[in-house]
Amino acid sequence: MALASTFVNAEEQKTVSKEIVELLGKSLNEMVRNEAQVGRVRIDSSHVTKDSVRIYASGNLYDAPIRENLIQDFYNNVRNQLPADWKKKKIGLFTAGIAVEKLVPHILREKDDKKWKRFATPKKIAPIVRNTSATFEPKEGLKGRHIAMWQSHGFYYEAKLDRWEWQRARIFQTVEDLYTQSYVLPFLVPMLENAGAYVLMPRERDANPFEVIIDNDSRQIASNAEENDAAYRSQFTSTYSEHHGDRSWANGQETGFAFKRATYINHENPFKEGTYRQVETIKKGNTSTAVWQPDIPQDGEYAVYVSYHTLAESTDDARYTVFHNGQETTFSVNQQMGGGTWIYLGTFYFKEGKNAENRIELSNLSSKSGRIVTADAVKVGGGMGNVARYIDREKEEHNLCITLDEAQKSGYPRFCEGARYWMQWAGVPDSIYDLTKSCNDYTDDYKNRGLWVNWLAGGSASNPNEKGLNIPIDLSFAFHSDAGTTLNDNIIGTLAIYDSEQYDGTFPGGASRTLSRDLADIVQSSIVNDIRTLCEPQWTRRQMWDKPYFEAWMPKVPAMLLELLSHQNFADMRYGLDPRFRFIVSRAIYKGILKFISSQRNEKYVVQPLPVSHMALQLTNGNTARLTWRATADSLEPTANAEKFIVYTRIEGNDWNNGQVVKGAEYETKLQPGKIYSYKVVAINEGGRSFPSEILSAG
């Protein structure tokens with residue numbers, strides 16, 4: 001049967017004939033199958049009018065990545081079948097009641113839609129933390145952006161069994177609760193930070209089991225001689241002190257942090273049990289300072305967190321300096337946001353013991369006088385879990401009418417635990433982390449994360465109608481691995497989940513929640529494209545689900561939940577256990593996030609360079625060290641070219657300095673006799689900095 005003749009009859013019927021529908025369905029299904037596995041795509045119906053031919057595809061087309069070239073190819077296929085007098089009719093393809101043109105991510109559209117409303121946080125607000133000692137800041141990366149991110153599940157208390165356990169099964173030498181951390185902590189978060197973003201996490205990021213708390217209230221807390229908890233005891237051997245300059249420190253009027261117990265139960269909130277200190281800022285003159293001097297239990301790298309109280313008159317440039325093993329790094333902290341929780345500054349190397357080289361200092365020197373700087377506890381290191389759980393079998397409820405002796409702590413480093421327990425230690429309201437009233441920690445742990453995002457963003461441009469910490473969150477990202485197996489060598493692959501319908505389909509600022517589809521599409525595309533190019537050409541791209549998963553629908557900012565691969569399937573995990581694969585995936589996610597945020601801000605983006613290679617060190621003239629290296633080209637990203645380099649130096653047992661920028665791929669320096677010098681190099685461009693090279697030493 002000739003195709004044209006069937007369309008002649010179709011116009012009389014106002015539909016396309018069954019034969020043509022089947023042919024077009026097969027064509028469309030083949031096009032989509034080349035991109036993703038979403039199930040068989042069919043043509044459900046059609047409608048022909050005087051001016052148009054409208055084709056209605058099955059709903060699973062909505063789960064596939066749609067591109068303008070796919071749309072045009074399909075329209076050409078349809079138009080080629082039309083009789084001559086039909087060729088001017090407008091052709092439309094629809095799925096789930098939506099024109100497919102609207103499913104193309106905005107950043108990938110040839111013509112910008114000037115009517116669409118972006119989700120963009122203000123440009124002029126100071127970020128919550130800025131490293132002012134850095135020798136370089138990216139201009140076309142993620143500078144000033146705030147990203148909420150978490151990795152999978154965590155060790156939790158199972159009430160039905162009255163024990164702590166992993167939320168997922170052990171398999172292939174890992175467990176999902178830890179497996180996704182092997183992407184997020186060593187690779188993804190540093191990449192985002194290297195691009196200039198500040199990343200907030202609802203789980204502990206420091207794997208160091210040691211923790212030191214230094215607080216202004218420790219002098220008023222009676223030490224329990226029988227308490228053998230190292231973190232609790234650390235506040236009595238560490239020191240908080242103040243220097244009064246032209247302005248004097250005084251107690252604040254509201255509650256602050258106090259470390260009153262080694263074990264926390266019920267809804268005990270350490271940020272509601274103490275006090276904080278405050279002082280007025282000055283632009284010049286004799287400064288006032290607060291100093292936190294930790295008693296470090298052993299040599300090593302420790303994350304440093306600060307806390308403070310946000311007031312109506314708070315400064316946006318509180319000056320913290322971390323003195324770490326012979327070096328110092330200064331940060332500007334915007335205390336107009338983030339008060340009453342732990343705020344991460346960075347990770348530093350500290351020597352064992354208490355000395356002047358290990359301290360954190362806060363000054364009241366500011367760009368504006370008459371504002372307020374507040375000072376509360378400082379936390380150094382990740383620590384062990386200190387939230388205890390218990391079930392009262394008579395009442396069948398957790399944590400009611402119990403004693404500390406009956407409650408169970410996890411016995412694991414805090415970074416292993418789920419978000420529920422970090423949130424309690426970090427001062428998050430129990431209305432966020434305890435939705436089930438202590439009956440189901442498993443449910444609380446995944447449901448609390450979206451609420452935590454809204455709490456962080458509350459009061460900011462991102463979520464202006466709720467109370468919170470006033471942090472303008474740009475997006476949230478949940479990193480998971482999925483379950484499922486195959487009976488052959490097939491790869492289960494990558495699934496993206498988002499939600500476009502909750503909150504009447506809009507974000508607080510009026511932008512459509514379909515922007516979360518853009519985010520999911522861009523990130524999933526980046527992951528699959530890079531894996532197929534660099535690792536496995538047959539890597540499976542699964543659907544993009546628009547479904548109300550709690551971690552996807554609850555945040556009032558653009559959000560996605562990633563199921564990277566199946567941790568139960570050997571064909572997936574033979575790649576997933578390779579650190580090189582984890583780097584590639586993490587870089588792909590970072591690139592997707594960069595492109596999405598840039599599209600929301602209508603800004604140009606540059607991808608940070610890859611690490612340098614061929615690092616070499618030569619000694620010349622007896623006491624001159626000559627370093628050479630090569631920039632690494634990125635065949636996947638034309639913008640990821642190295643423009644300059646930073647050389648970092650470490651002398652003897654000191655920590656790394658803040659680096660020196662050089663233009664070429666070489667560096668020479670004089671060495672002092674009898675000392676060992678170590679060097680590492682990072683590449684930089686306007687998008688950020690690369691991961692460091694290997695370390696070379698001479699002396």
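Observations on the model:
- Paramagnetic reach from Ala483 in the range 408-447 [backbone N under 15 Å; point 7 Å along Cα→Cβ]: 442-443
- Checking the Cα-Cα distances for Lys644/Lys675; Lys283/Lys680; Lys283/Lys595 against a 30 Å cut-off, the pairs over it are Lys283/Lys680; Lys283/Lys595.
- Close amide-amide hydrogen proximity is noted between Gly92 and Val53, Arg54, Ile55, each under 5 Å apart and 5 or more residues distant or on a separate chain (H modeled in the peptide plane; Pro and chain starts excluded).
- Net charge of Cβ neighbours under 12 Å - reference Glu68; Lys, Arg +1; Asp, Glu -1: +1
- For a paramagnetic label modelled on Asp44 (point 7 Å from Cα along Cα→Cβ), amide N atoms under 20 Å away belong, within the range 77-111, to 91-104.
- Those lysines that a straight Cα-Cα span of less than 18 Å connects to Lys90, excepting residues fewer than 8 apart in one chain: Lys14, Lys50, Lys102
- In terms of the mean number of neighbouring beta-carbon atoms within 10 Å, the peptides 297-303, 287-293 order highest first as 287-293, 297-303.
- Quotient of the Cα radius of gyration of the range 575-637 and 2.2 N^0.38 Å, N being its number of residues: 1.66.
- The range 613-698 - percent relative contact order, Cα under 8 Å, separation 6 or more: 31 percent
- Cross-link pairs exceeding 23 Å between alpha carbons, from the set Lys143/Lys379; Lys143/Lys670; Lys117/Lys556: Lys143/Lys379; Lys143/Lys670.
- Global form of the range 137-277, assessed from the alpha-carbon gyration tensor, a/c cut-off 1.5: oblate
- Sorted peptide list for 525-531, 24-30, 67-73, criterion being average Cβ within 10 angstrom, highest first: 525-531, 24-30, 67-73
- Computed FRET value (nearest 0.05) for Asn355 with Asn621, which takes r as the C-beta separation and R₀ as 30 Å: 0.25
- Subtracting the Cα-Cα distance of Thr628 and Lys604 from their residue separation scaled by 0.36 nm leaves 5.5 nm.
- Computed magnitude of the charge dipole of the range 212-380 (debye, nearest 20; Cβ of K, R +1, Cβ of D, E -1): 400 debye
- Grouping the Cα pair distances of the chain into 10 Å bins from zero gives a pair-distance distribution of 3, 14, 22, 24, 19, 10, 5, 3, 1, 0 percent in increasing distance order.
- For Leu200, Leu577, the sequence from fewest to most other C-beta atoms within 10 Å is Leu577, Leu200.
- Going from the fewest other Cβ atoms within 10 Å to the most, the residues Arg168, Arg79 appear in the order Arg79, Arg168.
- Leading residue at positive end of dipole, the range 420-490 (Cβ point charges), from Ser462, Ser476, Tyr442: Ser462
- Charge context of Glu204, other residues only, Cβ under 11 angstrom, K/R +1, D/E -1: +1
- Proximal lysines to Lys437, defined as alpha-carbon separation beneath 17 angstrom and excluding residues fewer than eight positions away on the same chain: Lys160, Lys395, Lys447
- Relative protection proxy for 251-257, 213-219, from highest mean packing down: 213-219, 251-257 (other beta-carbon atoms within 10 angstrom).
- Under Karplus coefficients 6.51, -1.76 and 1.60, residue-wise ³J(HN,Hα) of the range 605-622 in Hz, glycine/proline x: 10, 10, 8, 4, x, 7, x, 5, 10, 6, 5, 9, 9, 10, 9, 10, 6, x
- Couplings 3J(HN,Hα) of the range 135-149, computed from phi: 7, 7, 10, x, 9, 10, x, 10, 4, x, 8, 10, 10, 9, 8 Hz, in residue order, whole Hz [Karplus 6.51 cos²θ - 1.76 cosθ + 1.60, θ = phi - 60°; x for Gly and Pro].
- Ranking of Val32, Val322 by count of other Cβ atoms within 10 Å, fewest first: Val32, Val322
- Across the range 654-662, coupling constants 3J(HN,Hα) worked out from phi with the 6.51/-1.76/1.60 Karplus curve, θ = phi - 60°, read 6, 7, 5, 7, 8, x, 10, 7, 10 Hz, and Gly and Pro carry x.
- If you plug the beta carbon distance of Asn286 and Thr237 into 1/(1 + (r/R0)^6) with R0 = 45 Å, you get a FRET efficiency near 0.90.
- Amide H contacts of Trp342: none lie under 5 Å away among residues 5 or more positions distant or on a separate chain (H built 1.01 Å from N in the peptide plane; Pro and chain starts excluded).
- Expressed to the nearest 5 percent, the antiparallel share of DSSP beta bridges inside the chain is 75 percent.
- Dipole moment magnitude, nearest 20 debye, the range 344-494 about Cα centre, only Lys, Arg, Asp, Glu C-beta charged: 680 debye
- Centroid-to-centroid separation of the range 307-325 and the range 483-535 [C-alpha atoms, Å]: 37 Å
- Over the chain: helical MRE at 222 nm, DSSP H runs n ≥ 4 each giving -39500 (n - 2.57), nearest 500: -6000 deg cm²/dmol
- Amide H contacts of Tyr276 (H built 1.01 Å from N, in plane; Pro and chain starts excluded): Gly252, Gly256 sit under 5 Å, all sequence-distant by 5 or more or on other chains.
- Taking the Cα centre of the chain as reference, the dipole from Cβ charges on Lys and Arg (+1) and Asp and Glu (-1) amounts to some 2280 debye.
No value in this document is a laboratory result; all are computed from the given coordinates. A quick note: this is a predicted structure, and the numbers were derived from the prediction, not measured. Reconstructed Cβ throughout: ideal geometry from the backbone, glycine too, with neighbour counts over all protein chains shown.
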